[in-house]
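Below is one structure, written out as structure tokens; the observations come after it.
The values are calculated or read from the model by the stated rules, or taken from the named source; none is laboratory data. Remember, predicted model here, so these are calculated numbers, not experimental data. Cβ placement follows ideal geometry from the backbone for every residue including glycine, while neighbour counts extend to all protein chains displayed.
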Amino acid sequence: MTGNLLFAIKKLRYGDILTLPNLEVYAGRVTCIMGESGAGKSTLLKMMNKMLSPDKGEIYYKGTSLEDIDSIQLRRKVIMLSQTPLIFPGTIKENLHIGFKLTEKDSVGDEILEQAIHKMHLEKELNEDSGNLSGGEKQRLALARVLLLEAETYLLDEPTSALDEETELKVLGNFITEVKKKQASIIMITHSKKAIDHFGEDMIDLAQLQE
Ligand SMILES: Nc1ncnc2c1ncn2[C@@H]1O[C@H](COP(=O)(O)OP(=O)(O)O)[C@@H](O)[C@H]1O
Ligand SMILES: [Mg+2]
């Protein structure tokens, strides 16, 4: 594999949960993280976003150790969508705006917000209340929220687990198309064989890496 190194993981250990050898993740790719439930996938992603720190080993982002990167600065570039995305009380529009606030980025107009939710196949109006959305609709709202933020890297933790397969493939396809336009990178945890077949370019299979 050649290309620009995005993440370099050096002999990582997190308690009894995760022990990893050296790993490399390349820029501009869709890297899928696989592994059974409880394998430590979410733990690994949280360490890549500095929400957790390893007990041993180190993670480098574009050649700099995460220890030497300010967490807030890192999270402006490396944006994480957690496994249970937070939806705040209020409208869809307010929920989209929260992404800009949290990352201290400038907001955009309604037309762009509408385009983002439609690309994520969320057929709702911006002024609708987000409290009434189903689990799958909340996932699509959360995906739209991160898609609107200009990031270098998107860390997605089972982003479409509540969607039917057909919708999952459409939503992920659109998300990845947009990210590729920005020449950004995706690291995604998924259990979906179809999603991996369609979109996975590089794989990290925790089952094969951990003894
Ligand atoms: N904050 C925590 N404290 C202790 N154990 C945890 C914590 N978070 C997760 N775990 C445990 O670590 C293991 C890996 O969790 P996780 O990374 O969420 O797995 P996955 O995302 O692969 O399902 C699980 O056994 C889980 O119960
Ligand atoms: Mg998980």
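Conditions tested, residue by residue: (1) modelled with pLDDT under 95; (2) within 13 Å of ligand 2 (Cβ to nearest atom); (3) not in a strand (DSSP E or B).
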site	(1), (2), (3)
Thr2	yes, no, yes
Leu6	no, no, no
Lys10	no, no, no
Glu24	no, no, no
Gly28	no, no, yes
Thr31	no, no, no
Thr43	no, yes, yes
Leu52	no, yes, yes
Gly57	no, no, no
* Structure fact -> Reported set for the stretch 174-209 where residues are assigned to a loop (DSSP other than H, G, I, E, B) and within 20 Å of Leu44 (Cβ to Cβ) is Ala184, Thr190, His191, Ser192, Gly200, Glu201
* Restricting to helices (runs of 4 or more DSSP H) lying wholly in the stretch 89-158: which have 1 or more residues that are of a type outside the set (Phe, Trp, Tyr), at pLDDT below 95 and over 22 Å from Leu169 (Cβ atoms)? -> 92-102
* Structure fact -> Considering the stretch 12-22, residues that are surrounded by 13 or more Cβ atoms within 10 Å (Cβ to Cβ) and touching a residue at least 40 places away in the same chain (Cβ under 8 Å), and then whichever is nearest to ligand 2 (Cβ to nearest atom), we arrive at Leu18
* **Residue selected from the stretch 112-139 under the condition surrounded by fewer than 19 Cβ atoms within 10 Å (Cβ to Cβ) and of a type in the set (A, V, I, L, M, F, W, C), by the criterion farthest from Gln83 (Cα to Cα)** => Ile112
* Determine, yes or no, whether Gly63 is away from ligand 2 (no atom under 16 Å from the Cβ), modelled with pLDDT of 95 or more and more than 19 Å from Thr160 (Cβ to Cβ). => yes
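Yes or no, residue by residue, for (1) in contact (Cβ under 8 Å) with a residue 60 or more places away in the chain; (2) touching a helix residue (DSSP H, G or I) at 6+ places or on another chain (Cβ under 7 Å); (3) among the charged types (D, E, K, R):
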| residue | (1), (2), (3) |
| --- | --- |
| Leu143 | yes, yes, no |
| Leu148 | no, yes, no |
| Glu168 | no, yes, yes |
| Asn174 | no, yes, no |
* To do: Only one of these is surrounded by fewer than 19 Cβ atoms within 10 Å (Cβ to Cβ) and either in contact with a Phe, Trp or Tyr (Cβ under 7 Å, 6 or more places away or on another chain) or closer than 14 Å to Arg145 by Cα (or both): Ile72, Ile98, Ile92, Ile59. Name it.
  => Ile98
* Out of curiosity, is Gln83 within 16 Å of ligand 2 (Cβ to nearest atom), of a type in the set (S, T, N, Q) and surrounded by fewer than 17 Cβ atoms within 10 Å (Cβ to Cβ)? -> yes
* Asked: Does Glu165 count as surrounded by fewer than 16 Cβ atoms within 10 Å (Cβ to Cβ) and out of contact with any Gly (no Cβ under 7 Å at 6 or more places or on another chain)?
  -> yes
* Structure fact -> Within the stretch 152-205, the count of residues that are within 16 Å of ligand 2 (Cβ to nearest atom) and of a type in the set (Asp, Glu) comes to 3
* Have a look at Lys10, Lys50, Lys56, Lys101 and point out the one that is touching a helix residue (DSSP H, G or I) at 6+ places or on another chain (Cβ under 7 Å) and basic (Lys, Arg). => Lys50
* **Lone qualifier among Leu52, Leu45 - being touching a residue at least 12 places away in the same chain (Cβ under 8 Å) and surrounded by fewer than 19 Cβ atoms within 10 Å (Cβ to Cβ)** => Leu52
